[in-house]
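The values are calculated or read from the model by the stated rules, or taken from the named source; none is laboratory data. On a predicted model such as this, the values are computed, not experimentally measured, just so you know. Note that we place each Cβ from the backbone using ideal geometry, even for glycine, and neighbour counts take in every protein chain shown. The protein model used for the area step is the full one, side chains on, heavy atoms only, and it has no ligands, DNA or RNA in it. Shrake-Rupley method; radii C 1.70, N 1.55, O 1.52, S 1.80 Å.
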Amino acid sequence: APPARWQRKAKESGAPGPSPAAGVSPMKPANRSHSASKTPSKTPGKSGSKIQSTPTKAGGDRYIPNRSTMQMEMANFLLTKENDPAEDSPTKKEQQKAWAVNLNGFDVEEAKILRLSGKPQNAPEGYQNNLKVLYSQKTTPASSRKNGRYIPSMPDRILDAPEIRNDYYLNLIDWSSQNFLAVALDNSVYLWNYTSGEIIQLLQMEHPDDYISSVSWIKEGNYLAVGTSNAEVQLWDIQQQKRLRNMISHSSRVGSLSWNSYILSSGARTGHIHHHDVRVAEHHVATLAGHTQEVCGLKWSLDGRYLASGGNDNLVNIWPCTQGDSGDFAPVQTFTQHQGAVKAVAWCPWQSNVLATGGGTSDRHIRIWNVCSGTCLSAVDAHSQVCSILWSTNYKEFISGHGFAQNQLVIWKYPTMAKVTELRGHTARVLNLTMSPDGSTVASAAADETLRLWRCFEMDPIKKKEKEKANSAKTSIIHQGIR
């Protein structure tokens, strides 16, 4: 059980909380469930015992066309006349047309309601068919737009996160491929098993003044890297629940971590990034010096070719995975357009050279970059501090977490950068976002001491089956190649 000092009273909510003596453990579901509000008490459109009925209309409810008798008789005459083999001369046809227009007020040829044989008549020169113009054009955007998928506006679950540090520069949550959510609460790290709901306290710092400043799972999900305020980088085995090693190379707190296979990269308050080879005793294999202030955003690309780093100096650096000719690491790109600290950095899962970055309070912009050409593909003003960005693996979209003034999450369409929806509920700034291994759920940690789980990228069941089938086909091809 978590120590007594982590216990606290349940937050005020609609449902009664536990007694003050009982306390609330970290990561326990908070009494903020909104499931009851999802089911309306009454059917919309019905009120009490009143029964709605169709209003009576004057003149009945049937449409009875009132056609001109002359037009119908003329059409009947012309239909029977089609079988007449007699050919009229052009002069006679012109005379008949003139008589018909004078007598009837219309050309008899235009009175046909069915034409069963013969070639279509050519339109006179300069004639514009309004109906053709109207119906041959592309459908309007409103009618062609597919019905948007349903995105729940309320969180699927709310968990308590007591004493989570309200520090913009730290990275305090991460979701593993084995479905464990790691959360750093001040000087402790808790693991929440999403499948079973079990909560494990993995570690607690020995000195009360020290705290956890970053957490990051290795791709396989069996090891957790932990950065601390006293400049340590720890490596923990989750199955054994024990520390494997303690890597000391930094001189200040480690606020960001990112894995690339067996290389663990760590960003510190000094602005330095260290590469650690976790397989060898001399773990510190490289130092990247491209920032003058704290490195708060750090992310390896999915293909392992580039490392993106964002700092409190408003810079975004793109680092290669290999050393240059001089033996040093130098950035291949440096982006200077942001006017605030860059914590939010995220690589596009389907375009390996596309990076999204977000700026702090004095910038508030989300920018999309092509790291090969160094061009800014698009920029959008989010009107609030950008704390985190995650790309969806199920849709061509990404989600951003924000601070002042709305403290909301925003889903954006890519590449149009159109706003899909906003998810509100946090009462203080969102600090971090992380995504479930299946890509359907986003967890947000905020300064209001809650974790909220949003099922905002849930796939359509049919598409989900197709994706699973495609993935299994890929695996079988790989196995065949190996054999």
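Quick look at the values:
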item: Relative packing of 231-239, 170-178, which averages over residues the other C-beta atoms within 10 Å, highest first; result: 170-178, 231-239
item: Full-stretch length increase - residue 455, residue 322 - with 0.36 nm per residue and alpha-carbon distance subtracted; result: 44.0 nm
item: Which of 457, 180, 404 is most accessible, then next, and so on - probe 1.4 Å; result: 404, 180, 457
item: Solvent-accessible surface ranking, highest first, for 149, 367, 424 at 1.4 angstrom; result: 424, 149, 367
item: Residue 387 accessible area, 1.4 Å probe, all protein chains in place, Å² to nearest 10; result: 0
item: In Hz, Karplus ³J(HN,Hα) per residue of the stretch 342-349 (6.51, -1.76, 1.60; θ = phi - 60°; x = Gly, Pro); result: 10, 9, 7, 10, 8, 8, 5, x
item: Residue 93 accessible area, assembled protein chains, probe 1.4 Å, Å²; result: 110
item: Under the Debye formula (equal points on every Cα, no solvent term), log10 I(q)/I(0) of the stretch 258-332 at q = 0.14, 0.15, 0.20, 0.26 Å⁻¹; result: -0.39, -0.45, -0.81, -1.31
item: Phi to ³J(HN,Hα) by Karplus 6.51 cos²θ - 1.76 cosθ + 1.60 over the stretch 367-384, Hz, x for Gly, Pro; result: 10, 10, 10, 9, 6, 6, 8, x, 8, 8, 6, 6, 9, 9, 7, 7, 6, 7
item: Karplus (6.51, -1.76, 1.60) ³J(HN,Hα), θ = phi - 60°, over the stretch 218-223, in Hz, Gly and Pro reported as x; result: 5, 3, 6, x, 9, 10
item: For the stretch 170-289, alpha-carbon Rg and Dmax in angstrom; result: 13.4, 43
item: C-alpha center-to-center spacing [the stretch 146-165, the stretch 410-441] in angstrom; result: 9
item: Heavy-atom accessible area order for 305, 157, largest first, 1.4 Å probe; result: 305, 157
item: Reciprocal mean inverse distance between Cα atoms of the stretch 369-408 - Kirkwood radius, Å; result: 11.9
item: For residue 256, residues with placed amide H under 5 Å, excluding near neighbours; result: 267
item: Shape category assigned to the stretch 400-463 from the gyration tensor of Cα positions, a/c cut at 1.5; result: oblate
item: 20 Å Cα-Cα threshold exceeded, pairs from 396/465; 396/467; 419/467; 413/465; 396/464; 242/343; result: 419/467; 413/465; 242/343
item: Unit charges at the beta carbon, dipole of the stretch 170-289: most positive-side option, 233, 266, 212; result: 266
item: Separation of the residue 303 and residue 289 label points, Cα + 7 Å toward Cβ, nm; result: 3.1
item: Approximate spin-label separation residue 277-residue 381, in nm, with each point projected 7 Å along Cα-to-Cβ; result: 5.0
item: Kirkwood Rh in Å, taken over the stretch 323-430 so that all alpha-carbon pairs contribute; result: 14.5
item: Three-way shape call for the stretch 190-259 based on the alpha-carbon gyration tensor, with the a/c threshold at 1.5; result: prolate
